[in-house]
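Taken together, the values in this text are just the output of simple stated rules run on the coordinates, not laboratory data. All figures in this text were calculated on a predicted structure; none of them were measured in a lab. A quick note on method: Cβ atoms are made from the backbone with ideal geometry, for glycine too, and the neighbour counts reach across all protein chains shown.
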Amino acid sequence: MMNGERPDPTGLARGTTRPPLPHPRPAEFYRPPLPVYYYQQPPAPPKRVNVLRVALLVALAVLLMAPAGAIAFETARQDRTATLSGQGLGTSGDRPVGESDGGPKGVSGETKGAPPTTVDGKVRRALSDQGAALLGGDQAAFLAPVDQTATKLRDEFARRFGSLRQMRVKVWEPTVVDKVKVVGDGTATAKVHVRYCFVVETCDPMNFRTATRWNVSGKTVTLLEFGVSDDLGPRPWEVSELRTAIGQRVVLSTTPRYASRLPSMLASAEKAAALTDRYARWGRPPSRYVVYLAGPDEWSSWYGIKQENWVAGFALPLTPDATEIVLNAARVDAKETLDVLRHEFTHVVTLAGVNRAYDKTWWFVEGLAEYVRVKGDGKPFSQMSDVRAFVRSGHWKNEIAMDDPPEGASASDVSGRYGIAYLSVQRLADRFDEEKMLDFFDLTTRQGVPLADAAPKALGVSWDDVANDCVRNVKART
């Protein structure tokens, strides 16, 4: 990156699929660095090679190429305070700037009664009526605000209605941001913010913001354009016909082509959720984990993120408390779903509500996710050969508090780092018990307390004592 160049705001450099590993950016850049996750799945049967999941600081992109048949899982977390502020949202992620707890600056619709007389009021009423139609399952009323000449938009909205109803949308609250702007050509424009939930009305709400354009004719306004999400768009339900299976803990959606996979994959996802829910000690677990299964076309378009075909999936936080996961249908079956989601759901519940970067505790973030995954599997950690190779290569500097793998790190080295992170977290749980290990995670990763200050508080010993003990443990195992 050239001096003074800003990181790509979409998270992906335009026209690139394998950017170098970004490093923390100077403070004057408008977007803060993202924390890093790598994920190493255990070896599958002999025909499969070792698996690597890569996530980068700023770019949601792939660093390392894997052999054919490999599976990778990618996830990313942002410093949501700064990022959401850049989107015009508060850290709660559910209210446009300018609104307060005492009432929004702009509301989704006017009180029912006399028809609104202003263009602003008519647009708000149309959005409110459309939201009510969506929740009520009335497709004709949902399409009513769309201009008859906007045939493409009508088709898109019909598909969107079906997908949202499949996902059992329970909250849909559109709000006009600021004021509707009337243009001299007989049209009006408005930025719309929508807050929504699936299955239950009490979820940690997701949201999106988009531009709209309206035809103003006499006493009526009708929709001419309604875009996709400005941030991490298009969302799957915005552009794809979806089929959905809903469990007690998971909403799993895919396109009709892969609908036959839903029952078995949902069963695996529910098992993963049953384990990871137990680690939601800093707040309630999500009302439902939202997971999408993407085919080849969707894999390169959903959320505006282009991924390598060998990556197994990625997870994106839409708000500080709501994260959605996308799995690659070409790489993930029901068995792999269970293993991958044990790891990724752990990130969801242990990092929810964290509004700061935590790349300095990469080893703890990934080590804890692997700890939970291995615990759920009930078998010994299976990547010890990579750990031994990494230790014996001389690339390991006898340190536990490792940051993300450096640019150009080999797949074997990344896997070895993952193994050391896991062994370290497992050692903390064995030596001090799981509860104290999680207290240590809370102080260091969630609250940002330096390791040297957090260790005596949570564990009763110095960080040097902890680090040296973990190093000895790694060497004894290798």
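A 19 angstrom limit on the alpha carbon distance is what I want to check against. Which of 122/170; 271/360; 152/219; 271/335 exceed it? Before the final figure, lay out the partial values.
Values: 122/170 24 Å; 271/360 31 Å; 152/219 24 Å; 271/335 11 Å.
Exceeds cut-off: 122/170; 271/360; 152/219.
Under 13 Å Cα to Cα from residue 181, which aspartates and glutamates show up? Leave out anything in the same chain fewer than 8 places away.
120
Arranged from highest to lowest average of other beta-carbon atoms within 10 Å per residue, in what order do the peptides 282-291, 129-138, 335-344 appear?
Descending mean neighbour count gives 335-344, 282-291, 129-138.
Hey, can you rank 415-426, 152-163 by average C-beta count inside 10 Å, highest first?
415-426, 152-163
Would you work out which of 414, 428, 378 lies farthest towards the positive end of the dipole of region 358-478, given +1 charges on the beta-carbon of Lys and Arg and -1 on that of Asp and Glu, about the Cα centre?
The residue sitting farthest along the positive end of the dipole is 378.
What does the charge dipole of region 423-478 about its Cα centre add up to, to the nearest 20 debye, if the Cβ of each Lys and Arg holds +1 and the Cβ of each Asp and Glu holds -1?
Numbers: 8 positive and 10 negative charges, 55 e Å.
Charge dipole, region 423-478, about its Cα centre: 260 debye, nearest 20.
Mind ranking 256-267, 347-358 by how tightly packed they are, going by the mean number of other C-beta atoms within 10 angstrom, highest first?
347-358, 256-267
Just to confirm my numbers, what's the Cα centroid distance between region 371-407 and region 152-192 in Å?
Answer, in whole Å: 48.
Could you tally the net charge around residue 187, taking each other residue with its Cβ under 11 Å from the Cβ of residue 187, Lys/Arg +1 and Asp/Glu -1?
Computed value for this residue: -1.
Provide the percentage of antiparallel DSSP beta bridges, counting only those with both residues in region 264-414; round to the nearest 5.
50 percent
Gap in Å between the Cα centre of region 297-356 and the Cα centre of region 223-281?
Computed from Cα coordinates, the inter-centre distance equals 10 Å.
Around residue 312, which amide H atoms from residues at least 5 apart in sequence, or from another chain, sit under 5 Å from its own amide H, with H modelled in the peptide plane?
72, 73, 74
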